[in-house]
Amino acid sequence: PKGLILVGGLGTQLRPLTLSKPKALIEFGNKPLLLHFIEALVRAGVNEVVLAINYRAEIMRGFLDEYQDRFGIQITCMQEDEPLGTAGPIALAHERGLLGDSEPFFVINCDVACDFNLRSLYTLHKAHGKLGTIMVTRVDQPAKYGKSVVQAHTTGLIERFVEHGRTFAGAARVPARPLLAPRDLINAGVYIFSPSLVERLRVVRAVSMEREVLPQLASEQQLYSMALEGYWMNVKQPRDFLQGHALYLQYLSRVAADQLTGAACSQLHGGTEVQGSVLVDKSAQIGANCLIGPDVSVGPGCVVEEGVRLARCILLRNVRVAAHSTVLDSILGWESSVGCWTRIEGVTVLGEDVHVGGEIFINGGLVLPHKRIKESISEPQIIL
Ligand code: GDD
């Protein structure tokens, strides 16, 4: 099979990070989001991937060359002249001969974090022989943040697909209950379709997967669902990105503990303690008497000095946190630094190359790239 990833636009909701890099290249658990999708596709036997992008595609080129070599696959960047929506890119890819016409193809939204099992999705799709199969997941109170609520028969056949018009405000997956109540299910943003789907999309225009294609397929009994077993999160906003990151690290600690750097880590100095799931790049340095975790990732080249407290946070490449500072529930962008005795919390996001002085308090600040912060920011706000 082949795979199409809906990379979409600039990811404005992840600003200020997306002022420096497209969303797909933001590191999630020390690995660009895009790489998580490509690895999942490769595991399912995909060797040709199409990235549907509606901004300047050349930013991605270096990464794509590296991934092509690493996985021995072909990656095509398909740029749209104007946004084609969530299904229009399928028609364009077909027109350019990128999807083939013999095998089903995967489609993935680029802002979901989950435990992909694309092989099972493929097997189920082949078994029922209809046009589409979507992954569904159960979230707490789907109506509240309301996106696609689906009604599925116990067989997995979707009776009705409803896309609510409201903004998606994030939804953590709740622990599994024995029976899936159909009203709790939402579209997880991961699909597989039979090649003949493209016959319905011949006109190249903006087409919505959720408002047009999926409801239509459901009404014709051509749409099946597969319930996602593991964690799932939409990560398009900082708070959800952090929550999805925590779920991802907890998942890693269950299934691939060797990828986590825990208490045994050689970089950890005397008196430093690790709690819960913590991912530290090999090239990062962590000083003595720190308390790190849970749900922390520390990127390449980071330096964390002594006595630092880190919890539920992400340090991207080359971040420096000086002694006795605390970083909670926040994302520190590439090349940024934090002075001594500073406290950062409340879903603060520092853009690239932001420098925060010593003895500062930041609560929920979104700080644009290249800023110097010399005064505390005690209420959530954007620092331009
Ligand atoms: N190439 C391209 N062109 N990609 C697009 C376009 C476009 O015009 N518009 C959106 N995308 C991409 C986005 O970047 C994202 O990866 C994906 O398509 C879905 O985008 P949104 O339209 O922002 O939807 P959403 O995230 O609010 O909701 C979607 O995902 C939910 C699960 O996370 C829907 O599919 C929901 O039904 C679903 O529940």
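The values are calculated or read from the model by the stated rules, or taken from the named source; none is laboratory data. Values in this document were obtained by computation on a predicted structure and should not be read as measured data. Backbone-built Cβ (ideal geometry, glycine too); neighbour counts: all protein chains shown.
Checked against the criterion of being acidic (D, E) and more than 20 Å from the chain's Cα centre (by Cα), the stretch 104-126 contains not a single residue that satisfies it. When the stretch 336-352 is filtered for residues that are among the acidic types (D, E) and touching a Ser or Thr at 6+ places or on another chain (Cβ under 6 Å), only E352 remains.
For the stretch 67-94, residues that are modelled with pLDDT of 90 or more and either surrounded by fewer than 15 Cβ atoms within 10 Å (Cβ to Cβ) or away from the ligand (no atom under 16 Å from the Cβ) (or both) total 8.
Where strands (runs of 3 or more DSSP E) fall entirely within the stretch 278-384, those with at least 2 residues that are hydrophobic (A, V, I, L, M, F, W, C) and farther than 20 Å from P32 by Cβ are at 309-311, 326-328, 361-363, 365-367, 381-383. Going residue by residue through the stretch 155-163, is there one that turns out to be modelled with pLDDT under 75 and in contact with a Leu (Cβ under 7 Å, 6 or more places away or on another chain)? No, because not a single residue in the stretch 155-163 is modelled with pLDDT under 75 and in contact with a Leu (Cβ under 7 Å, 6 or more places away or on another chain).
When only residues in the stretch 221-239 that are out of contact with any Leu (no Cβ under 8 Å at 6 or more places or on another chain) and surrounded by fewer than 22 Cβ atoms within 10 Å (Cβ to Cβ) count, which is nearest to Y122 (Cα to Cα)? The qualifying residue nearest to Y122 (Cα to Cα) is E229. Report yes if L98 is part of a loop (DSSP other than H, G, I, E, B) and farther than 14 Å from F37 by Cβ, otherwise no. In short, yes.
Yes or no, residue by residue, for (1) more than 14 Å from the ligand (Cβ to nearest atom); (2) buried (at least 22 other Cβ atoms within 10 Å of the Cβ); (3) under 14 Å from the mean Cα position of the chain (by Cα):
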{"position": "G11", "(1), (2), (3)": "no, yes, yes"}
{"position": "L17", "(1), (2), (3)": "yes, yes, yes"}
{"position": "L35", "(1), (2), (3)": "yes, no, yes"}
{"position": "N47", "(1), (2), (3)": "yes, no, no"}
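I'd like the residue in the stretch 103-138 that is of a type in the set (S, T, N, Q) and at pLDDT below 90 and, out of all such residues, is nearest to E210 (Cα to Cα). Break it down stepwise before answering.
Residues of the stretch 103-138 of a type in the set (S, T, N, Q): 109, 117, 120, 123, 133, 137.
Of the ones still in play, those that are also at pLDDT below 90 are 117, 137.
On the way: N117: 21, T137: 15 Å.
The extreme case among them is T137.
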